[in-house]
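All remarks here apply to the structure that follows.
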Amino acid sequence: MGNGILMKNNNPEEKKEYIICAAIFCFDDEAKSIKLRNNPTNIISGKGIILCGYRHSNIIELMASLGFSTIEDDITCGFLTSKNIFVTRQQAAKIAYDAYQTNGLEDELNSDHLY
């Protein structure tokens, strides 16, 4: 680049992974029948559905309005990463810390740590 600006590496394989938003994996029987092509890469299509939102409470409200179970045994709260991967709260804590999204390393990430 001749403009003197140092460009960041645009290769997606080399970009540092970071947390994008809160996400919940639903194990509800209704969700298991839904097959989505664009589920996070580590989720097998037809085995459940990922719903995303600003905070987990927003997602739970959406789930309830759509008729999905909000019982803790039927869901896993986590986060979606910049590499389209669903991660647990524990995994997300390390990713967010490594990406300088949090001030300290937590045992579990809550959306309050990000915003």
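The values are calculated or read from the model by the stated rules, or taken from the named source; none is laboratory data. Keep in mind it's a predicted model, so treat the numbers as computed, not measured. Quick reminder, even Gly has a Cβ in these numbers, built from the backbone with ideal geometry, and neighbours come from all protein chains shown.
Data for the structure
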quantity	calculated
Per-region count, the range 64-115, residues of a type in the set (S, T, N, Q) and either touching a helix residue (DSSP H, G or I) at 6+ places or on another chain (Cβ under 8 Å) or part of a loop (DSSP other than H, G, I, E, B) (or both)	10
Residue satisfying condition, being at pLDDT below 90, within 19 Å of Ser111 (Cα to Cα) and surrounded by fewer than 17 Cβ atoms within 10 Å (Cβ to Cβ), within set Glu17, Glu13, Glu72, Glu61	Glu72
Top-ranked residue of the range 75-89 - restricted to ones that are of a type in the set (A, V, I, L, M) and under 18 Å from His113 (Cα atoms), ranked as surrounded by the most Cβ atoms within 10 Å (Cβ to Cβ)	Val87
